[in-house]
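Data first, discussion second: the structure below is written as structure tokens.
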Amino acid sequence: MLPLLITYFTVFTFLHQQTFCDQSQRSFSLPKNQCNDTCGVFQIPFPFHLNTSCSSLSTAFRLSCVNSSTLYLTIGRESYRIIDFFSDGLIVDFPGGSTCRQYNDLNSFGFAGNEYFGISVENVVGLYDCEDSSLCKADCETDDLPGCDGNDGGSLACCYPLSDQSVWRLGDGFSAFSKFGCRGFSSWVVSRGTNAGKRGVKLEWAVPRNMSNNICDTNTHIVNATAIEAGVRCSCQDGFVGDGFANGVGCLRSCFKDGREAQGEECFSKKHSDKKLVIVTGVVAPAFIVGSLLALLYMLRKPLKPSTYDSEQAHFHSTISFRKACRTRLFTYRELKEATKGFEDGQKLVDDTLYAGVLGDGSHAVIHKVQCQNERDLIEILSGIEVLSSVLHRNLARLIGCSIDFGYAPLLVYEYPANGTLEEHLHQNKGQSIGLDWNKRLNIAAETASVLAFLQYEISPPVFHHNLESSYILLDNDFSVKLSGFWFLSSPSIPDGSFSHGLHHKNDVYDFGLILLEIITGSKQLDMTTVALQNIRSGKLEEIVDPCLYYHEQASNRREQIEKVADVATRCLLFGVDGKIGMIDVAKELVHIVKENNDGCSKIGGALEETFSNSSLLQMISMSPDSIYVP
């Protein structure tokens, strides 16, 4: 009887949904880009155009097609040959010559930016014969950067990713490297999550915010540009694909149909005539009513079971969402299980959450198991991943890829940090004897506070960590912070089995206060919070300071710094929960302490050093926002 009732219910639901889909299809009408311009192998995407009569956003996006094969973008007096298009920009060649040169003069690419175009942070610069090698960065040495002919990829003796922004900053031209005595440079575009470069210079595009009214189609977000001040673009919401612009393709619904990805009208079933629908409904409705009553009686007699996570259904509904959220490589669960040796205990960085692993290509990675109980959780997680992966900040861990397979928790894959986790260094895990001196601890504290403040005050909607522990603070080769381990669900509860300091989870400010105490004391004991606060209040700070810091042997200014950080930690714990102190206040104080430390001739991290000349606090604590959502 039950299968028959389910059949009745399914048919009735299908007919109801069919009517809804027909209505949706009738109302789902998008204005199309009427240009359909082509040039050689290029299908020119909106808002770029050749014909002046085409409806675009600005004449700044007008292109010229030479010999019906080669596209050029003209900015000012220079024309740049277009190599390729992206959704947020385009790759152009160096102006002037057609011959490929290994290196170009630093002034050969004179354009730095305007209100429509800016040099993208996805460019990796190869530098030639520099007098000062301090600007060379190790993290781009493994990038595969092809030569002039597109082959012979390899690493460079000196490379600098513009995303670093410790030397080059948004708005700068390539001539910024001349102060290091470099004789020449070349450029490749290396998209996030990959190490494969494409020769040329990527220019990001946007429109001025004051022009953004009514340019976006329905089902879109407005996102901020990274390299263009006050520049914005339209971006389709989850479940839709397209350019997002009302005069362009707009946003087409995206779905899975017959085992493949489909778009637009393919996502809607064929229409049924009203007559046929009435006839079928008239036949099925009485059976459905009877079946519903019997099913209700059946369910009342059957004991209820707790709801479980239907992974197959969740996978069906969220594959498109996950593909959009995870903008990098998609791994299988089996790949990551092999990488972590079956998620064995010896690979754990954090209990049942963070694991060290070696991927199939031999690269090391950190695999984060994201807690997920049901489809609603999964939707929240996908939304969080999409927002976080669109943010570019030097103190966020680099996301390599993601995995979602039937019946398994979602997995995030981060680039493995050269120096492990803050917890490992503070507690000298696994027999290590490599403690952190005070300078490194202070920089780590300031960088962590800065990236948290950036996420909470510069991103809309704000991003909160909700799971802050020293084991999620990864450390790069220069001990700069790479934050990971975000808890994506709206509930602030810490997952079972995670270290919660024996207390109910409060918020990021409160948890950061615990991190500061851990940095000062070198201890993660459950009673340390109470003991530490008592000693700080009674003026006995020296009794709880980590013995590895040799508090009594420190210079007076260093002891004063430790006391200031302890005071910040105390206020985070006492006033962070009720909002009397915010993360932006904490970041401001710690960055100021670091600046004082720097004035005392102590070397500080490049992530903070570059910010001290800026008067704006938000500029001071933020490195490089990218595609952040705005109301």
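Residue check: is residue 446 over 13 Å from residue 475 (Cα atoms), assigned by TED's automatic domain parsing to the domain that holds residue 557 and crowded, with 21+ Cβ neighbours inside 10 Å?
So residue 446 fits the description; yes.
Taking the stretch 178-218 only, how many residues are in a helix (DSSP H, G or I) and either modelled with pLDDT of 90 or more or among the polar types (S, T, N, Q) (or both)?
2
Output the number of residues of the stretch 31-43 satisfying the condition of being in a strand (DSSP E or B), surrounded by fewer than 17 Cβ atoms within 10 Å (Cβ to Cβ) and not hydroxyl-bearing (Ser, Thr, Tyr).
Within the stretch 31-43, residues that are in a strand (DSSP E or B), surrounded by fewer than 17 Cβ atoms within 10 Å (Cβ to Cβ) and not hydroxyl-bearing (Ser, Thr, Tyr) number 1.
Taking residue 360 as the residue in question, decide whether it is part of a loop (DSSP other than H, G, I, E, B), at negative phi and surrounded by fewer than 21 Cβ atoms within 10 Å (Cβ to Cβ).
yes
Inside the stretch 122-145, can you point out the residues that are touching a strand residue (DSSP E or B) at 6+ places or on another chain (Cβ under 9 Å), among the hydroxyl-bearing types (Ser, Thr, Tyr) and part of a loop (DSSP other than H, G, I, E, B)?
none
Only one of these is buried (at least 19 other Cβ atoms within 10 Å of the Cβ) and closer than 18 Å to residue 445 by Cα: 422, 411, 382. Name it.
Only one candidate passes the filter, namely 422.
Residue 383 versus (1) under 20 Å from the mean Cα position of the chain (by Cα); (2) within 23 Å of residue 475 (Cα to Cα): which is the lone unmet condition?
(2)
If you take the residues in the stretch 553-583 that are surrounded by fewer than 14 Cβ atoms within 10 Å (Cβ to Cβ) and not in a helix (DSSP H, G or I), which one is farthest from the chain's Cα centre (by Cα)?
555
Each row is one residue, and each column tells you yes or no for (1) of a type in the set (Ser, Thr, Tyr); (2) touching a Pro at 6+ places or on another chain (Cβ under 6 Å); (3) within 16 Å of residue 445 (Cα to Cα); (4) free of Cβ contacts under 8 Å to residues at least 24 places away in the same chain.
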{"site": "542", "(1), (2), (3), (4)": "no, no, no, yes"}
{"site": "547", "(1), (2), (3), (4)": "no, no, no, no"}
{"site": "553", "(1), (2), (3), (4)": "no, no, no, yes"}
{"site": "571", "(1), (2), (3), (4)": "no, no, yes, no"}
{"site": "578", "(1), (2), (3), (4)": "no, no, no, yes"}
{"site": "583", "(1), (2), (3), (4)": "no, no, yes, no"}
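Looking at the stretch 548-555, can you tell me whether even one residue there is over 15 Å from residue 513 (Cα atoms) and either of a type in the set (Gly, Ala, Ser) or in contact with a strand residue (DSSP E or B) (Cβ under 7 Å, 6 or more places away or on another chain) (or both)?
yes
With 434, 400 as the choices, which residue is crowded, with 19+ Cβ neighbours inside 10 Å, aliphatic (A, V, I, L, M), closer than 30 Å to residue 167 by Cβ and modelled with pLDDT under 85?
Only one candidate qualifies: 400.
Being aromatic (Phe, Trp, Tyr) and either part of a helix (DSSP H, G or I) or crowded, with 16+ Cβ neighbours inside 10 Å (or both) is the filter here, so list the residues in the stretch 510-552 that pass it.
If the condition is that a residue be aromatic (Phe, Trp, Tyr) and either part of a helix (DSSP H, G or I) or crowded, with 16+ Cβ neighbours inside 10 Å (or both), then 510, 512, 551 are the ones that fit.
If we keep just the residues of the stretch 327-344 that are modelled with pLDDT under 90, in contact with a helix residue (DSSP H, G or I) (Cβ under 8 Å, 6 or more places away or on another chain) and of a type outside the set (A, V, I, L, M, F, W, C), which is farthest from residue 386 (Cα to Cα)?
Restricting to residues being modelled with pLDDT under 90, in contact with a helix residue (DSSP H, G or I) (Cβ under 8 Å, 6 or more places away or on another chain) and of a type outside the set (A, V, I, L, M, F, W, C), the top hit is 328.
May I ask you to verify whether residue 618 is at pLDDT below 60 and part of a helix (DSSP H, G or I)?
Yes, satisfied.
What about residue 381, is it more than 18 Å from residue 194 (Cβ to Cβ), outside the structural domain of residue 194 (by TED's automatic domain parsing) and either aliphatic (A, V, I, L, M) or in contact (Cβ under 8 Å) with a residue 60 or more places away in the chain (or both)?
yes
Which residue, of 593, 581, is closer than 17 Å to residue 511 by Cα, in contact with a Lys or Arg (Cβ under 8 Å, 6 or more places away or on another chain), modelled with pLDDT of 85 or more and assigned by TED's automatic domain parsing to the domain that holds residue 451?
Just a single option satisfies the conditions, and that option is 581.
Report, by residue number, each residue of the stretch 192-225 that is crowded, with 20+ Cβ neighbours inside 10 Å and among the hydroxyl-bearing types (Ser, Thr, Tyr).
Selection gives 220 alone.
Looking at 387, 451, 413, which one is in a strand (DSSP E or B) and in contact (Cβ under 8 Å) with a residue 40 or more places away in the chain?
Within the list 387, 451, 413, the selection yields 413.
The values are calculated or read from the model by the stated rules, or taken from the named source; none is laboratory data. Model, not experiment: these values are computed from the prediction. FYI the Cβ positions are ideal-geometry reconstructions off the backbone, even for glycines, and counts take in every protein chain you see.
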